[in-house]
Amino acid sequence: MRKKAFKAESKRLLELMINSIYTHKEIFLRELISNASDAIDKLYYHSLKDGISGLAREQFEINIDIDSQARTLTISDNGIGMTAEELENNLGTIAKSGSLSFKNDADHSDEAAEDIDIIGQFGVGFYSAFMVADHIEVTSRAFGSDTANLWKSDGVDGYTIEPCDMDGHGTIIKLSIKPDSEEEDYGRFLEQYTIESLVRKYSDYIRYPIKMERTKTRAKADNEEEIEEYTEVDTLNSMVPIWKRSKSELTEEDYNNFYKEKFFDFTDPLRSIHIATEGTATFNALLYIPSKAPYNYYTRDYEKGLKLYANGVLIMDMCKDLIPDCFSFVKGLVDSQDLSLNISRELLQHDRQLKLIATSLEKKIKAELKKMLENDRENYEKVFANFGLQFKYGIYSSYGRDKELLSDLLLFRSSNSDGMTTFAEYCERMRENQKYIYYACGESAERIARMPQIERLLSKGYEVLYLTDDIDEFTFRVLNEWDGKEFRSASGDDLGIEDDDTASTEQLEKDNAEMLSFIKDSLGDKVAKVRPSNRLMSCPVCITADGMVSLEMERVLNAAPGDQKVKAERVLEINASHPIFEKLSALYENDQAKLSKYAKLLYNQALLIEDLPLDDPLEFASSICDLMV
Ligand code: ADP
């Protein structure tokens with residue numbers, strides 16, 4: 001029989017596995033048990049839905065058998081089983097959409113820590129068995145099929161599949177445990193005690209009995225002095241799903257282990273939320289906030305959703321409708337007795353019960369995040385660093401409908417300190433005479449801190465929020481205000497400051513109207529307006545924008561694909577208290593040709609300060625040179 005090679009990605013993955021970058025080799029057992037339980041779930045669900053008779057829930061079980069002589073560990077189930085084709089597809093390759101990106105990521109395989117996550121993210125459960133076994137035989141018979149097949153493999157070299165005999169349906173996985181080596185005591189996986197405790201640690205909640213024959217001792221009946229050995233088949237797991245147990249019985253470790261097992265993550269979640277409610281919607285839920293955004297979180301490939309159980313039976317693996325987009329990073333499951341097992345995907349979408357659950361979950365998640373923000377700021381900031389962008393998108397893409405839900409979860413850097421601030425905290429610090437919430441946009445907080453546009457605001461003691469994400473200003477436009485306080489851009493047309501300085505700038509504008517309009521004409525359509533500035537302190541010029549489109553929005557929108565380009569109404573502002581202003585006035589009287597040149601120089605300087613590209617760098621350079629010579 002010809003041996004088949006594993007598909008390319010599988011082979012690399014296997015190599016990674018076998019070379020044990022992953023230190024917790026013991027997880028192979030939970031992976032196999034989990035697969036067995038899924039296989040039974042599938043058959044059980046199928047039987048309930050299609051009314052197959054002769055399959056009773058009590059019959060389903062998972063068996064573990066240890067043969068320490070032969071050094072084999074066997075895990076079997078009477079679930080749905082696999083056909084030859086399924087064996088080939090499921091065990092011969094990693095049939096996951098992520099396999100390609102895995103390959104890319106795996107090119108940096110020196111970063112062991114990264115690899116761990118990769119393996120976790122793709123749920124390569126079955127393969128993990130090669131960490132402890134040097135030979136694996138899988139015998140399987142699909143429910144309803146009269147043929148069984150045997151899949152064999154020694155690891156990376158490939159595998160074979162051949163027909164074989166088997167009673168009943170299901171899958172038997174026989175692992176030949178590796179010989180012990182100096183680094184690793186593989187023999188422990190052949191000890192009852194180890195297996196028992198691993199089952200209890202990782203698979204206790206599995207809803208079907210995990211049975212194992214155990215050797216025990218007792219006093220002999222005829223002679224109490226003597227001890228005899230006997231065997232008994234025991235169920236190792238308690239079978240109560242963790243989400244049905246009471247919170248007081250559970251430790252953080254229980255929640256974390258369950259999360260890592262179910263949701264293919266190798267790091268503990270930042271937060272677990274256990275919900276049991278009765279009322280309009282009766283359900284149990286277990287939600288998790290992951291500690292890191294999945295590698296594809298901000299791409300189209302990312303799929304949100306919660307596992308949905310109807311009275312303990314999994315009916316959907318990724319139920320999208322349970323979770324709003326703004327909280328799409330939340331993982332978890334919902335179990336409700338109010339849902340019908342037979343419900344189809346289409347019907348589910350319109351299910352009233354499901355909507356009630358979704359609404360309730362949204363509230364709970366929000367409340368939990370708020371609680372974190374208030375009492376566990378450090379962790380909340382981690383959540384925000386990973387997923388905060390999603391809150392901002394949420395406000396923007398709902399046209400503000402979700403602003404109640406999300407705006408108090410936002411955090412920004414600001415001129416106040418190095419830390420992050422909420423809108424509420426900003427408002428608490430507002431000056432007595434301050435009417436607006438000020439913000440400025442730029443590439444980084446460090447860069448914004450040096451923007452000339454914010455100088456005057458800062459000198460008046462007004463705090464400025466530093467917006468560094470592309471989406472930020474769009475979100476601000478949608479929000480418009482917070483708690484009755486309007487947002488104002490440091491680069492917008494009106495800072496909304498009314499004082500003597502502002503009044504005198506207005507006067508200056510009137511007094512120098514001709515000079516300013518001469519400069520504007522020299523610049524042609526590069527700017528819509530030239531005016532004296534009421535926001536600059538030390539810098540001679542800056543560029544701002546009048547109207548709806550800011551410079552930042554122009555940049556973001558024009559970077560997006562498509563040929564509809566927008567243009568901000570640029571304004572060149574000249575610092576009236578800077579000596580340059582007098583110089584310009586003098587030139588207007590004596591040397592307009594020179595003034596025209598200076599206008600262009602100043603405009604280009606303003607572009608440079610703003611980090612905007614110069615229209616003609618060469619011309620700028622030679623004008624400076626002219627001046628120098
Ligand atoms: P995952 O469990 O993440 O899908 P695995 O590599 O563990 O990845 O398993 C691949 C597939 O093989 C499973 O999705 C399932 O279809 C099939 N499979 C594995 N174990 C069993 C089993 N005991 N019974 C039936 N099918 C199984």
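Laboratory data are not the source of any read-out in this text; all were calculated from the coordinates shown. None of the values given here were measured: they were computed from a predicted structure. Cβ atoms come from the backbone with ideal geometry, glycine included; neighbour counts cover every protein chain shown.
Full extension of the segment from Asn480 to Ser340, taken as 0.36 nm per residue of separation minus the current Cα-Cα distance, would add 46.0 nm. In the chain, a dipole from Cβ-located charges (positive for Lys and Arg, negative for Asp and Glu) runs towards its positive end, and of Tyr259, Met628, Ala559 it is Ala559 whose Cα lies farthest in that direction.
Could you state the angle between the C-alpha long axis of helix 252-262 and the longest principal axis of the C-alpha atoms of the chain, as a value from 0 to 90 degrees rounded to the nearest 10? Orientation of helix 252-262: about 80 degrees from the principal axis. Here the gap between Tyr193 and Leu458, fully extended at 0.36 nm per residue and compared with their Cα-Cα distance, gives a gain of 88.7 nm. Restricting region 562-629 to trypsin sites (Lys or Arg not before Pro) that sit in a DSSP loop and have at most 15 other Cβ atoms within 10 Å of their own Cβ leaves Lys565, Lys567. Within region 396-461, the GluC sites (Glu not before Pro) that combine a DSSP coil assignment with at most 16 other C-beta atoms in a 10 angstrom radius are Glu432, Glu443. Between Met316 and Leu308, the built amide H atoms are under 5 Å apart, and every one of these is 5 or more places off in sequence or on another chain. Sequentially through region 226-239, phi angles give Karplus couplings (6.51, -1.76, 1.60; θ = phi - 60°) of 9, 9, 10, 9, 8, 10, 8, 8, 10, 8, 8, 10, 7, 6 Hz, Gly and Pro residues having no value and appearing as x. Taking a ≥ b ≥ c as the square roots of the eigenvalues of the Cα gyration tensor, region 330-425 is prolate, since a/c reaches 1.5 or more and a/b is larger than b/c.
According to the Kirkwood relation over distinct C-alpha pairs, the hydrodynamic radius of the chain is 29.6 Å. Distance between the 7 Å Cα→Cβ label points at Glu514 and Glu428: 5.6 nm.
Angle of helix 500-511 to the longest C-alpha principal axis of the chain, folded into 0 to 90 degrees and rounded to 10: 60°. For Asp146, neighbours were defined as the other residues whose beta-carbon sits under 14 Å from its Cβ, and their charges (Lys and Arg +1, Asp and Glu -1) total -1. The average projected area of region 236-277, computed from the convex hull of its Cα atoms over all directions, is 3.5 nm². Calculated [222 nm] ellipticity per residue, helices only, for the chain: -11500 deg cm²/dmol; basis is -39500 (n - 2.57) per DSSP H run with n ≥ 4, divided by all residues, nearest 500. Which net charge results when you count Lys and Arg as +1 and Asp and Glu as -1 among the other residues whose beta-carbon is under 11 Å from that of Glu428? Here the count lands on -2. Between Met548 and Asp317, how high is the FRET efficiency from 1/(1 + (r/R0)^6) when r is the Cβ-Cβ distance and R₀ = 51 Å? Nearest 0.05. Once rounded, the FRET efficiency stands at 0.70.
About its Cα centre, how strong a charge dipole does region 492-535 have in debye, to the nearest 20, once Lys and Arg get +1 and Asp and Glu get -1 at the Cβ?
320
Going by alpha carbons, how many degrees (0 to 90, nearest 10) lie between the helix axis of 27-50 and the longest principal axis of the chain? Relative to the chain, helix 27-50 is tipped by roughly 80 degrees.
Projecting the Cα positions of Met166, Ile136, Ser153 onto the charge dipole of region 135-184 (unit charges on Cβ atoms of Lys, Arg, Asp and Glu, taken about the Cα centre) puts Met166 furthest along the positive direction. Backbone phi angles across region 612-629, fed through the Karplus curve with coefficients 6.51, -1.76 and 1.60 (θ = phi - 60°), yield HN-Hα couplings of 9, x, 6, 5, 9, x, 5, 5, 4, 4, 6, 5, 5, 4, 3, 4, 5, 7 Hz in residue order; Gly and Pro are listed as x.
For the residue pairs Lys435/Lys520; Lys392/Lys529; Lys520/Lys567; Lys152/Lys307, alpha carbon separations beyond 25 Å are given by Lys435/Lys520; Lys392/Lys529; Lys152/Lys307. Set the Förster distance to 60 Å, then compute FRET efficiency between Glu252 and Glu85 from the Cβ-Cβ distance, nearest 0.05. Computed FRET efficiency for Glu252 and Glu85 comes out at 0.90. The modelled label-to-label distance between Leu601 and Lys363, using points 7 Å beyond Cα along the C-beta direction, is 6.7 nm.
Extension gain, Lys371 to Gln564, is 65.2 nm, computed as 0.36 nm per intervening residue step minus the present C-alpha separation.
What is the calculated FRET efficiency for His350 to Asp500, with r their C-beta to C-beta distance and R₀ = 56 Å, to the nearest 0.05?
Computed FRET efficiency for His350 and Asp500: 0.30.
Summarising the amide proton neighbourhood of Lys178: residues at separation of 5 or more, or on other chains, whose placed amide H is nearer than 5 Å comprise Ala133, Asp134.
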